[in-house]
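Take a look at the structure below.
The values are calculated or read from the model by the stated rules, or taken from the named source; none is laboratory data. Note that this is a predicted model, so its numbers are computed, not measured. Quick reminder, even Gly has a Cβ in these numbers, built from the backbone with ideal geometry, and neighbours come from all protein chains shown.
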Amino acid sequence: MIAKHLLLIRRLVQTLSVFILVFIIWNTRYPLSGFINPEFYFLIDPFAMFITAVAERVFLPGLIYSALLLVITFAIGRAFCGWICPLGALLDFLSWSQQSVMKLFRKKTMEHDPLSLRHIKYAILAGVFIFALFGIQLAWFLDPITIFVRTFSFNVHPFITGVIDGGFMRLLKITDYPIWLESMYNTLREGFLSLSTPKFFHTGIILVVLAVIMMLSLVKRRFWCRYLCPLGATLALTAKGTFFQRDAGGCKKNCGVCMNLCRMNAIRSDNSYIREECILCLDCVVLCPNDKTSFFFKKLWGSEQHTGGQSKHPGSEQNIWVRANPVFSRAQFILMLHGLILTSLGATAPRHTRNKPQRPGTESNLRPPGALPEEEFVQRCIRCGNCMKVCPTNVLQPSSIGKGLGGTWSPVLDTRRGYCEYQCNLCGKVCPTDAIRELTIKHKQQFKIGLGVFNKKICLPYAKGENCIVCEEHCPVPDKAIKIRTSMVRGKLIKLPYVDTDLCIGCAICELKCPTAPDKGIVVIKVRDA
Amino acid sequence: MKHFFEKITRYMTSRKSQSSRKEFLRGIAVSLSSIPLVKALSVPALAESEKKLKPRQKRITQTMCDLAVVKGNSPAAITRKAIQALGGMSRFVKKGDIVVIKPNIGWDRAPEYAANTNPDVVATLVRLCYDSGAKIVKVFDNTCNSSAMCYTNSGIADAVKKSGGQISYVNSSKFIPVRFPAGSALESWPLYLDAVECDSFINVPIAKHHSLAGLTLSMKNLMGICGGSRGEIHVNLDKKLADLTKFINPDLTVIDAYRILLHHGPLGGNLNDVKITKTVIAGTNPVLADAYTATLFDIDPKKIGSIRMGEEYGLGSANISNAKITKISV
């Protein structure tokens, strides 16, 4: 009975997974409620976690959670890809709608025997891994969860809030602000929208990455998952030895239905299948016209004489094994051992990129409070966008590609858009790889992001001889990091501001609120740790 | 997929779908005729933003004294007593009025730090307004720090909600450029629509130190209804504040001096800078209220630029010794 509804259940689980993730991202904002853990989906992501851990030679708590996922994958196969992965769900939805349209043209997708293209993903994984061995973390660009979250945070969420917010503002203006509509708008803003629509710059390319992945899935279903996804490759390596296997031994018809159904193109024309490619979508089980396909737990050890058609009980399908191979072949075992040795070597090897002189371009970038030293930070950050999403002032912006390829999309403070809120430590709380350390409010209030420096050619009291003091007014440090001395400028007694370098934490509210334009009378610069 | 594209390209290049000259011209005509439609939809909305705001008129009310100064342990009780000493809220708020209460919610600080108006004072005023028959009581401030954090951590959002007032975050489309009378320092500045178009405006600042203005009192508190790049107001601040006060003409000024910030204003952050004076000052003359509050800091009111300028502008007298001041201890 359940079998008939398995597809429906899978689709429900996929939808639920996407909704949970979207809910989490949506609510990654001030005030962060306790039950939402914005790191969750990253913590169970073995690709991002292991690559970051290897590149940085650190132990991340996420390693434990993601190892759990690997254990599950070893037991039952790549169910994560088929049931949980939000990007996979998105691609499935896309293919499903594509096929619904295609039906109008009476065109069916035809599959051939599995392509060797699928090995590309292992090459990608190996490449990323080798880079990680040398201390360069590239998981940020290729991790599917990150791609999904990043695109949602940077492109989708601002768009949706912008449209709703703008629509309401328009409506209010036209209807001349009726009280009931205003209170509705207020409630909506408080509970659902952001108080001001977040804007992220240089993020068009992030949307393009997802768009390309989605386009490819129109050519072949789950193109990304079949051929490219390094997380899929990680799970596939684990799933090679899974003992939860497909069984279609009893089928002699070779009607090709399941082969064409398989979204991963994992079924060969002789009805056998590639174990590690299967994502347990169960299409072939439910939609088999002959009800011949099923999944069984296979014995890990022991004799397996039942091969192909030479069964002792020809009628009962349970006893017919597809292949007589043991779970691991010798070659596979050696490969796995090899990988294990490489990983442990990688984790202990000295890093070559440390203490390299910094490029001048990246030096001027202000990092969020609690960020690791620049070199480490760039390698640790997986560019998930959580910190930028949660930032209440929108000061955290993805660094553009032009500012140095290595730091692309990592968070920097755009001090013309916002400032670092004095009593806020949310960015550290949502970072899945602890590139931004979680600071207590007290520690955060002492963390030096940068240092304010007056430009006396622009600052009004110095340059024009007019009282201003907006910077001092806004300075959140209790004893004021911007101090004032009164002195004669152009024959007038003027209050001149100056920075107390010991107290200044570089929150940059002074720069944001400084009334001069386009250049600011005070700018916050990064001071390298001595 | 390939077939799909083939079909589309075949369709697009087929004789059938190619338009004749007539069709082409017709298409152009249709698209041109849609311009008035688009215009009709968009222009009224644009015209709406050009809404003209006139200076607010103060309701002329007789009060039992010029200024009520009430001391006591409970912020709510002294606020209630101060309004009572003036003759009750019904002198300022009539039945069916739309009332604006403008506290200082500018900073992300807890009430103890005396950076924002005491939430109890605000809540009490909201209740008094409703008791006098107000239709709706609006509370808002254009904050300096992130509005969500200011509203929450100041305790004002909660207090106002509990007392039934409407607390709202400012809506950027409601800042409407206002032309000030010729000769004023502000010239033109965006002001918040709600603050100008209301029946009764109650200004509820907290008394604090401010290194440029000397003190930030009721006149400085009105900066919270300004939009735009507010830093620019700091140049020639005193005159601009007087302009602003003249334009808004608050019906009632209630200065919260329950806790006052002596140094490092207007944000503070150090409890040592906070003095607990347990006082509320209320009156219809903003200049007089400011002048009296200055004496709590042991500062000569004449030394505060905005008070001097307010007197010059005819907003009211700053002469404390001539005023009828009712002092009460609860």
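Couple of notes before you dig in:
- Only one of the numbered conditions (1) in contact with a helix residue (DSSP H, G or I) (Cβ under 9 Å, 6 or more places away or on another chain); (2) at negative phi; (3) aliphatic (A, V, I, L, M) is violated by residue B:114, and that is (2).
- Test: residue B:221 is of a type in the set (S, T, N, Q) and under 14 Å from the mean Cα position of the chain (by Cα): yes
- Count of residues meeting criterion [hydroxyl-bearing (Ser, Thr, Tyr) and either at pLDDT below 90 or under 17 Å from the mean Cα position of the chain (by Cα) (or both)] in the range A:416-440: 1
- Any chance residue A:173 is touching a Ser or Thr at 6+ places or on another chain (Cβ under 9 Å), at pLDDT below 90 and within 14 Å of chain B (Cβ to nearest Cβ): yes
- Taken as a whole, the condition of being surrounded by fewer than 21 Cβ atoms within 10 Å (Cβ to Cβ), more than 37 Å from the chain's Cα centre (by Cα), farther than 30 Å from residue A:38 by Cβ and at the interface with chain B (Cβ under 10 Å from one of its Cβ atoms) does not apply to residue A:500.
- Any hit, the range A:209-226, residues being of a type in the set (Gly, Ala, Ser), closer than 30 Å to residue B:175 by Cβ and within 14 Å of chain B (Cβ to nearest Cβ): no
- The set of residues from the range A:158-175 being under 20 Å from residue A:192 (Cβ atoms), in contact with a helix residue (DSSP H, G or I) (Cβ under 7 Å, 6 or more places away or on another chain) and surrounded by 18 or more Cβ atoms within 10 Å (Cβ to Cβ) comprises A:168, A:172.
- The range B:205-237 - residue that is within 14 Å of chain A (Cβ to nearest Cβ) and of a type in the set (Val, Ile, Thr) and, of those, surrounded by the fewest Cβ atoms within 10 Å (Cβ to Cβ): B:235
The rows are residues; the columns are (1) in a helix (DSSP H, G or I); (2) surrounded by fewer than 22 Cβ atoms within 10 Å (Cβ to Cβ); (3) within 14 Å of another protein chain (Cβ to nearest Cβ).
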{"site": "B:239", "(1), (2), (3)": "yes, yes, yes"}
{"site": "B:250", "(1), (2), (3)": "no, no, no"}
{"site": "B:257", "(1), (2), (3)": "no, no, no"}
{"site": "B:260", "(1), (2), (3)": "no, no, no"}
{"site": "B:263", "(1), (2), (3)": "no, yes, yes"}
{"site": "B:276", "(1), (2), (3)": "no, yes, no"}
{"site": "B:279", "(1), (2), (3)": "no, no, no"}
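- Members of the range B:179-193 that are closer than 18 Å to residue B:237 by Cβ and touching a residue at least 24 places away in the same chain (Cβ under 8 Å): B:180, B:184, B:185, B:186, B:189, B:190, B:191
- Residues (among the β-branched types (Val, Ile, Thr) and outside any loop (DSSP other than H, G, I, E, B)) located in the range A:476-503: A:482, A:484, A:486, A:489, A:494, A:499
- Flag if residue A:168 is at pLDDT 90 or above, within 30 Å of residue A:229 (Cα to Cα) and of a type in the set (A, V, I, L, M, F, W, C): no
- Count of residues meeting criterion [assigned to a loop (DSSP other than H, G, I, E, B), within 13 Å of another protein chain (Cβ to nearest Cβ) and β-branched (Val, Ile, Thr)] in the range A:383-427: 2
- Selection of the range B:113-135 for residues being closer than 24 Å to residue B:94 by Cα, of a type in the set (Ser, Thr, Tyr) and crowded, with 24+ Cβ neighbours inside 10 Å yields only B:124.
- Scanning the range A:427-445 for residues being surrounded by fewer than 24 Cβ atoms within 10 Å (Cβ to Cβ) and either among the hydrophobic types (A, V, I, L, M, F, W, C) or within 19 Å of residue A:504 (Cβ to Cβ) (or both) gives a total of 5.
- Among residues of the range A:176-191 being loosely packed, with under 13 Cβ neighbours inside 10 Å and more than 7 Å from chain B (Cβ to nearest Cβ), the one that is nearest to residue B:167 (Cα to Cα) is A:187.
- Residue A:454 vs. criteria under 43 Å from the mean Cα position of the chain (by Cα), more than 11 Å from every other protein chain (Cβ to nearest Cβ), farther than 21 Å from residue A:394 by Cα and surrounded by 16 or more Cβ atoms within 10 Å (Cβ to Cβ): yes
- Residue tally, condition within 11 Å of chain B (Cβ to nearest Cβ) and hydrophobic (A, V, I, L, M, F, W, C), over the range A:482-493: 2
- Candidate set from the range B:143-169 (those that are closer than 25 Å to residue B:266 by Cα and either surrounded by fewer than 19 Cβ atoms within 10 Å (Cβ to Cβ) or among the acidic types (Asp, Glu) (or both)); member that is nearest to the other protein chains (Cβ to nearest Cβ): B:152
- Residue match in the range A:504-511 (condition: within 13 Å of another protein chain (Cβ to nearest Cβ), in a strand (DSSP E or B) and in contact with a helix residue (DSSP H, G or I) (Cβ under 7 Å, 6 or more places away or on another chain)): no
The rows are residues; the columns are (1) in the same structural domain as residue B:207 (by TED's automatic domain parsing); (2) part of a loop (DSSP other than H, G, I, E, B); (3) in contact (Cβ under 8 Å) with a residue 60 or more places away in the chain; (4) basic (Lys, Arg).
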| site | (1), (2), (3), (4) |
| --- | --- |
| B:107 | yes, yes, yes, no |
| B:112 | yes, no, yes, no |
| B:117 | yes, yes, yes, no |
| B:125 | yes, no, yes, no |
| B:128 | yes, no, no, no |
| B:138 | yes, no, yes, yes |
| B:142 | yes, yes, yes, no |
| B:149 | yes, no, no, no |
| B:158 | yes, no, no, no |
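- Looking only at the range A:459-474, and only at residues there that are within 7 Å of another protein chain (Cβ to nearest Cβ) and of a type outside the set (Val, Ile, Thr), the one that is surrounded by the fewest Cβ atoms within 10 Å (Cβ to Cβ): A:466
- Hits in the range B:187-198 (condition: within 14 Å of another protein chain (Cβ to nearest Cβ) and either within 16 Å of residue B:138 (Cα to Cα) or in contact with a helix residue (DSSP H, G or I) (Cβ under 6 Å, 6 or more places away or on another chain) (or both)): B:192, B:193, B:194, B:195, B:196, B:197, B:198
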